[in-house]
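The values are calculated or read from the model by the stated rules, or taken from the named source; none is laboratory data. In this text, all values refer to a predicted model and were calculated from it rather than measured experimentally. Each accessible area value is taken on the protein alone, full model and side chains, heavy atoms only, with ligands, DNA and RNA left out. Shrake-Rupley method; radii C 1.70, N 1.55, O 1.52, S 1.80 Å.
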Amino acid sequence: MKKLINIRVPLFLAVTFILGIYSCYEWYFGNFYCGLVVAVLLVALIVFCAIRRNGAQKIVIAMLIFSILGFGVARLSLYRMDKRESVGESVTISGRVCDLNRNASQNSVYYLEECTLSDGRKIHGRVEVTIYGTQLNTGDVVTVSGQSFSTHPVKSDVETSLIRDNITYKLDNATVIDLQPGPTKLDEKIRAYIYEATQEYMLQNSGVMYALLTGDRGAISDDVYYAFSRAGILHLLAVSGLHVGFIVAIICLALKRLCLHPLIEGALVLIPSFFYAYICAFTPSVMRAVVMVACSYIARACYGRYDMLSAISWSALLILLVRPFYLFDVGFQLSFLSVYGIATVYAPINRWISRRKLNKAVRYIVNSLLLSLSCVVATVFTVALNFGQVPLFSALLNIIAIPLVSVAFSLGIFGLIPSVFHYLLLVADYVLRVVVACAKAVAQLDFATIAVYAVAACTVILVAVLFVFGGFVNFGKLGKRIFYPMCAILLVVSILFAVIPTHARSQAYVAVTDDSDVVAAVSDSGEGALILDFNDYSALYNATHFLQHFRLTSCTLYVTDSSEATPAALDLLESLPLNKVYVLDADTDGILRENFEQRGVSVINQYPNSTTGDSIKVQSYFDAVLFGVSVTVDEIDICIAYGGADSVRKLMESGISAGVYVLSDTDAVSPSGVLTITPYQSAAGYNYGANKYGNFTIVQKGDRIYLSFR
């Protein structure tokens, strides 16, 4: 008799470890239901197995232990974050300038590592400093002074970029006290060499090649990045299994005739693979690929076979054990789900196809399309959850793009060899031109993407369905006839829950970052308003996503800075029922006006110091420049102050008496007892910093105004 479940112990342990991390995240915000449900289900399963005297009891006990371990690892990580909290502390820090985002851009933001305070205490992680008027280079040892703020990456939206780059503190407008040149590290020298070589020999796509080789996308132009994203091939620019696999293939080809023991061959393969991961700064996707390579050789040595599901499970466990909150990183999720799709969708169908007599060319096309579709299917709801839209032509375009990118990557690797080999980069440039041209052609199509909204439950249900589809559960025909319809019903309910907007009621939403202040408001009548600049895409996305939850009859856009408008940001706004666009900065960007006029939406320059709106009133405040905007919906009053203490003073003198002040400058002075929201938490009372709490929802209940960050 066949077992009901073809057990993959590492997979089950990884899933419960993930549930433990997620339970800790919910517990951190006061929600205990998730951990309680997981614990009750696992204990009940242990009791059930004990009664049935099932051999799976030990596995379930191990799952319970791993869920507790996941909770504990996440809680320890949170404890460390809370312990190093710094709120507006004046400090003097000495550190070394690393090359994080330095090869790709020249701006005023630098990242210091190996930092120490003036009293000799060492600082954990990197420090992000903003310095104006002084140019720093990689390797420089610099001493700066300023106000230190802890980053708090775990908040309402986990900011995984801070975890990935290990940035623990930030200093804005830092003052340079001392500057000494210093040496660069080996990985920095290699990345600098790659950047300089691609810049010199590739006329158009040096940024794309630099991303292919190192995983750093900072050098890619906005239009190319937008095209890759909209076309659904942005994943090709993340160093992952495709890139590591090519390096492994080259080494294996060289070692093929030696017939080495799997462990010896594995060591010879893993050393250069690990070194490549070191060059790529150990990003989650490249580490997943390297760990899977290691698992493949260990499996061959121990069992003589390789199991992909077990390999990705061990990989996830090892990565999350070190960085538990990588779980919330979109790249991490897409990377692992793509491989999961290959193991559960591609593998069984490919076995069926392999038994058919097909022409080699036809077989290659079918396999390529199937491989791409399996990744798309496994990641569709995760993409929808994080981006609100799904590329329609991703699977088809990948058939063309993956081989071309593989060729370009190969040429790029060999093109880094000095002398005449550098000219291979010229050839790679032309290959990438084809890829970029295809991406731009697809991105220009009005139907290149489709809006799909989902909740996290959709991904969970899909993972279960694919596990059964992959043949890991022996339900039989009757069981499948029950299981698949039930899952289909649950998926429909989950999608409807995400898609169907709720009835609007008066409330506001504030998203604050270092570069942007965005406020979204809805009223009981169904009117919506969005006050924004285009300086931070994530803030705009969060505010837009907030408005999409409600059944709006109309929405008015108030633009405070139109100079940074991008096609990607404007596409994001298409999901809202916009009827008017008011430009408050008196500087209408050409892209902004052209985009909305094509959609039949009026673009109006609002008169300075005037008020517009019906159930939501928005007033601008000018004194030569825009220094404030007030938003009023029912009894909720919010005022955005652009600038520092001077802007706050002007608003106070203008007679503004808002319930909540949004300040773009942490040091802006406000009267005692006034509720303020700033990019960073300050030592002043009634101040909430986005660095610690994330984004804020403001709701009126009776005579009280409630501010929550989740």
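Per-residue Karplus couplings for region 424-434, computed as 6.51 cos²θ - 1.76 cosθ + 1.60 with θ equal to phi - 60°, are listed in order as 5, 5, 4, 5, 4, 4, 5, 5, 5, 4, 5 Hz, Gly and Pro entered as x. Of the accessible area of the chain, computed with a 1.4 Å probe over protein heavy atoms only, carbon and sulfur atoms account for 62 percent.
Could you report region 215-283's accessible area per residue, 1.4 Å probe, as an integer in Å²? If you can, show how the numbers build up before the last one.
Values: 3360 Å² over 69 residues.
Result: 49 Å² of accessible area for each residue.
Against the empirical 2.2 N^0.38 Å scaling, what ratio does the C-alpha Rg of region 623-702 come to? After normalising by residue count via 2.2 N^0.38 Å, the value is 1.05. Using the 1.4 Å probe convention, the accessible area of region 623-710 works out to 45 Å² per residue with neighbouring protein chains retained.
Rounded to the nearest 5, what is the percent of antiparallel bridges among the DSSP beta bridges in the chain? Present the calculation step by step, with values, prior to reporting the outcome.
Numbers: 65 of 95 bridges.
The antiparallel fraction comes to roughly 70 percent.
To one decimal place, what Kirkwood hydrodynamic radius in Å is obtained for the chain from all pairs of distinct Cα atoms?
On the way: mean 1/r = 0.0359 Å⁻¹.
Mean inverse Cα-Cα distance, inverted, gives 27.8 Å.
Each eigenvalue of the Cα gyration tensor of region 474-599, multiplied by 5 and square-rooted, gives one semi-axis; in descending order these are 37, 17, 14 Å. Only helices enter the 222 nm calculation for the chain: every DSSP H run of n ≥ 4 contributes -39,500 (n - 2.57), and dividing by all residues gives -15500 deg cm²/dmol, rounded to 500.
Could you check what % of the DSSP bridge pairs in region 614-677 are antiparallel, to the nearest 5?
On the way: 14 of 20 bridges.
In region 614-677, approximately 70 percent of DSSP beta bridges are antiparallel ones.
Rounded to the nearest whole Hz, the Karplus-based 3J(HN,Hα) values (6.51 cos²θ - 1.76 cosθ + 1.60, θ = phi - 60°) of region 33-47 follow the sequence 5, 4, x, 5, 4, 4, 5, 5, 5, 5, 5, 4, 5, 5, 4, with x at glycine and proline.
For region 186-203, the Karplus equation 6.51 cos²θ - 1.76 cosθ + 1.60, evaluated at θ = phi - 60°, returns couplings of 4, 5, 5, 5, 5, 5, 5, 5, 4, 5, 5, 5, 5, 5, 6, 9, 10, 6 Hz by residue, with Gly and Pro reported as x.
With a 1.4 Å probe and all protein chains left in place, how much accessible area per residue does region 394-521 have, in Å²?
On the way: 6160 Å² over 128 residues.
On a per-residue basis, region 394-521 sits at 48 Å².
A cut-off of 5 Å between modelled amide H atoms, ignoring neighbours fewer than 5 places along the same chain, links I177 with T143, V144, S145.
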